[in-house]
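No value in this document is a laboratory result; all are computed from the given coordinates. No experiment lies behind these values; they were computed from the predicted model shown. With ideal geometry, Cβ positions are generated from the backbone for all residues, glycine too; neighbour counts draw on all protein chains shown.
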Amino acid sequence: MHIAITLHLLAAVVWVGGMFFAWMALRPVAAALLEPPLRLLLWAQVLARFFPWVWVAVIVLLASGYWMLFRVFGGFHALALYVHLMQAIGIVMMVIFVHIYFEPFRHLKYAVATGDWPAAGRALARIRRLIGVNLILGLTVVAVTSGGRYLA
C-alpha cells in the first residue's frame, strides 16, 4: 500500500505540477518575450518533453489507483464519496489529455514543422484552453482527495 500511494501521489504531482508551471509561469513569460514563431516552436518542444511524463503519470495513476481500490479497499462498494469523485475527475482529465495529445498537439507539431504559424497558433490556443480545464480539474482533485476524508 505504501508504494502504491507514493507512486500515485508522485504521478499526480508530476502531472498537475507540470500543468501549473506551464500555465502560471512559462506561458506568460513566453508570450511576453518571444515572437510567435519562436514561441510556437518553444511550446511544441516543451510539450513534446512533458507529454511522455504525462503518459507515465496516467499509467501509474491507473495502475496504482485500481490496485489500491481492489487489493486494499475491497472494490467500488467500499469507497468513500471523495474517492469516487477523485476517480471520476481523474478519468475526465485523462480523456482530455488523450484528446490533446492526438488532436491539437498533432496539429501543432505538423504546423510548426511546416512553418504554418497561424495553424500552429490555433492548435496551441486549443491546447492552452484544454490544459487550463485540466489544471482546474487537477487542483480540484487534489483538494477533494486531501480534504475529503475529513468531511465525513
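For Cα extents along the principal axes in Å, pick the label among (i) 47, 37, 27; (ii) 53, 24, 22; (iii) 43, 31, 29 that corresponds to the value derived from the coordinates.
So the calculated entry is the one marked (ii).
Calculated from DSSP H runs of 4 or more alone, at -39500 (n - 2.57) each and per residue, what is the 222 nm mean residue ellipticity of the chain, nearest 500? Don't jump to the answer; show the numbers that get you there.
Numbers: 6 runs with 124 residues, N = 152.
After summing the helix terms and dividing by residue count, I get -28000 deg cm²/dmol.
Could you give me D for segment 1-69, from Stokes-Einstein at 10 °C and 1.306 mPa s, where the hydrodynamic radius is the Kirkwood radius over C-alpha pairs? Units µm² s⁻¹, please.
Working: Rh = 13.3 Å.
Estimated diffusion coefficient is 119 µm²/s.
Could you tell me which helices of the chain pass both thresholds, a Cα extent of 30 Å or more along their own axis and a mean Kyte-Doolittle hydropathy of at least 1.0, with helices taken as whole DSSP H runs?
Numbers: long enough: 36-67 (45 Å, 1.30); 81-102 (32 Å, 1.94); 117-148 (44 Å, 0.94).
Answer set is 36-67, 81-102.
Going by how many other beta carbons lie within 10 Å of each one, how would you line up H84, H107, fewest first? Please list the in-between numbers first.
Numbers: H84 13, H107 18.
Final ranking by Cβ density, sparse to dense: H84, H107.
Based on Cβ point charges of +1 for Lys and Arg and -1 for Asp and Glu, what charge dipole magnitude is obtained for segment 2-148 about its Cα centre, in debye rounded to the nearest 20? Intermediate results must be reported in sequence, preceding the final value.
Numbers: 10 positive and 3 negative charges, 31 e Å.
Result for segment 2-148 is approximately 160 debye, rounded to the nearest 20.
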